[in-house]
Each structure stands twice: as C-alpha cells, then as structure tokens.
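For reference, the structure is listed below as structure tokens.
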Amino acid sequence: MQGKNIYVSLGRKDILHGVNFKAEPGQVTAIIGPNGSGKSTLLKALAGEIDSTGTVTLNGHDISALKPWQLAEMRGVLPQSTTVAFPFKVHEIVRLGLATGLVASDDGLTSRALAHVDLAGFEHRSYQTLSGGEQQRVQLARVLTQVWEAQQADQPRWLLLDEPVASLDIAHQFTVLGIAGDFAARGGGVVAVMHDLNLTALFSDCVYVLSQGSVWGSGTPSDVLSSDLMQQVYGIDLPISKVPTTPLPFVLPQAVRKPLEP
Ligand SMILES: Nc1ncnc2c1ncn2[C@@H]1O[C@H](COP(=O)(O)OP(=O)(O)OP(=O)(O)O)[C@@H](O)[C@H]1O
Ligand SMILES: [Mg+2]
C-alpha cells in the first residue's frame, strides 16, 4: 500500500501536506504522532474514505479506480471511535463485517472472530451494555470477519486500525496487537495508528512519525524512536534505552512533579 504526495484539506484547514507513505504486506506499519497531527486523516485517506489529492495505491491499484465493493474485499478499517445508535446485539455488529466483505455465509466466523478478541459467548449481549474495551474489541471482530483470510488470490489484504488498543488493558493490548502481527505473518498488511511508544517498538516493523500534517521520520522502531526526534515531535524529554539483549528501544520518561504555574 502506498500513498504519494497526499494532501487533505478539511473545512478551510490544510491537514496533510504532501505525505508519502508506504506499507509492506507481511509487516505491521505504525503511525505515531501527537494529537491533531493528522494520523486519523492519513488513515482515512489511505482507506479511500475521504477526498485527498495525490495517489493511493492498494496492491498496485489506484484506489480511486476501485469500486466500493472491491475496496471492501481488500481492506478493513477500524475507526478511532464508533457510535452505535440502535440496540444491536453483539453478533449483529460482527456480522456487518461479513456483509461488508461480501462473504456469503457466516460458517461460525462470527463466533470465531469473537473468540479471537477474547469475547467468546458475548454473541447475544446487547452492544450498549458492554464496557468500553469490550465494545472496541467487538468492532475489531467486525473488521476481522470482513478480511478474515489475510490473502485473497495471492494478493494481500489490509487491516487499517486507528488506535486499536486505546481503551484496552495491557493483556488485551497484547491480544489485539498479537492478532495484528498474526495477520501480517499470514501475508496480510497492517497499518495501525498508535500512541504507546513501547507497544509500537514491540509490535511494529516500520514506524511513521507524523507531526503537523507531515512525515517527520520513518523506518524501523530503533531508527525512529530517538530522543531527539521524540523531543522535536512531542516537545518533552523522552529518554530512550534499549531492551537488554535486543535492539528494541524503550521509553521510560521521568515523572517530575512540578507545581502548576498560578
Ligand atoms: N472536519 C474537519 N474540519 C476541520 N478540521 C478538522 C476536521 N477533521 C479534523 N480536523 C483537524 O485536523 C487535524 C488532524 O486531525 P486527526 O483526527 O487526523 O488527528 P490525529 O492525529 O488522529 O489526532 P488524535 O491523536 O487526537 O486522534 C486536527 O487538528 C483536527 O482538529
Ligand atoms: Mg486520531
């Protein structure tokens, strides 16, 4: 998946300023950056969900030339937040993924997808009664049913995930990022917007750093997660160390409590 020279304007505001982006199948590509830097906007542009200039290609096809059903077969999108206005049951939400992905029959997929996200037996619960983290995992199950096989006719499928672990406890963060890694290991491609730098280092193969609508760095986690770049982008001191016996970086900020200025 590739985005070349992507510009997006929303309202009267220029949000993305000529972003170049490339994600490889078989890899998890993370997008990090401060609030408002344009991560969700970039993910939507890559998904073909908003107008942008420049080109986005998916498996070599310009997405502007693909029909909605062709796009739906090739990539599933987990939005940053999802509002469900009607009193749907969990299995009805997950089944929406099947309908989007044009899979003919359920064949137990709804239950398997729910089991994957550690929600076995939740099929008949009312979505509104679930906790925030449970709702988020139901949404992921919906996207998984859409692109269950990581490849189709030797072509990779894509998972585009906007903050997939934002409201999850640490164990479920590992569950969900493990699912993303497994999808990539089966030949699919994953693009995930992330805030947690340590999880990004642990689970991604490639990282894009977005700031003020532009790419400020890209490469492996060890290339990109440097104190200098993090200081430039986030504006705070983030000491970076290495996980012993690995090349993996980790961030351990010093919490210095200062009284607030009056
Ligand atoms: N419809 C819109 N009209 C005007 N500005 C918008 C619109 N949608 C988004 N923006 C602005 O675009 C910028 C980028 O938004 P985006 O949602 O891509 O940020 P983000 O990097 O995903 O941030 P976060 O980490 O908070 O999710 C923000 O400053 C936001 O206020
Ligand atoms: Mg966002």
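Between amide H atoms placed 1.01 Å from N, distances below 5 Å from residue 55 occur with 4, all of them 5 or more places distant or on a separate chain. Under the criterion of Cα pairs below 8 Å and six or more residues apart, the relative contact order for the chain equals 24 percent.
Going from the fewest other Cβ atoms within 10 Å to the most, the residues 148, 69 appear in the order 69, 148. Computed over the range 1-132, the alpha-carbon pair-distance distribution with 10 angstrom bins reads 10, 33, 32, 22, 3, each value a whole percent. Less than 5 angstrom separates the built amide H of residue 33 from those of 210, all sequence-distant by 5 or more or on a different chain. Rounded to whole numbers, the Karplus 3J(HN,Hα) couplings from phi for the range 166-177 are 4, 10, 9, 5, 4, 5, 6, 4, 5, 4, 6, 6 Hz, using 6.51 cos²θ - 1.76 cosθ + 1.60 with θ = phi - 60°, and x at Gly and Pro. With 28 Å as the limit, the listed pairs 13/89; 39/242; 4/67; 22/242; 13/242; 39/67 have 13/89; 13/242 beyond it between alpha carbons.
As a proxy for reagent exposure, 7, 208 were ordered by neighbouring Cβ count within 10 angstrom, fewest first; the result is 7, 208.
In loop segments of the range 6-72 as defined by DSSP, the trypsin sites (Lys or Arg not before Pro) with at most 16 further C-beta atoms inside 10 Å of their C-beta are 12.
Kirkwood Rh over alpha-carbon pairs of the range 2-251, then Stokes-Einstein at 4 °C and 1.567 mPa s: what D in µm² s⁻¹, rounded to an integer?
70
For the chain, adding -39500 (n - 2.57) for each run of n ≥ 4 DSSP H residues and dividing by the number of residues yields -9500 deg cm²/dmol at 222 nm.
No lab work stands behind these numbers, since they all come straight from the coordinates. As the structure is a computational prediction, the values presented were derived from the model and not from experiment. Positions of Cβ are backbone-derived with ideal geometry, glycine not excepted, and every protein chain shown enters the neighbour counts.
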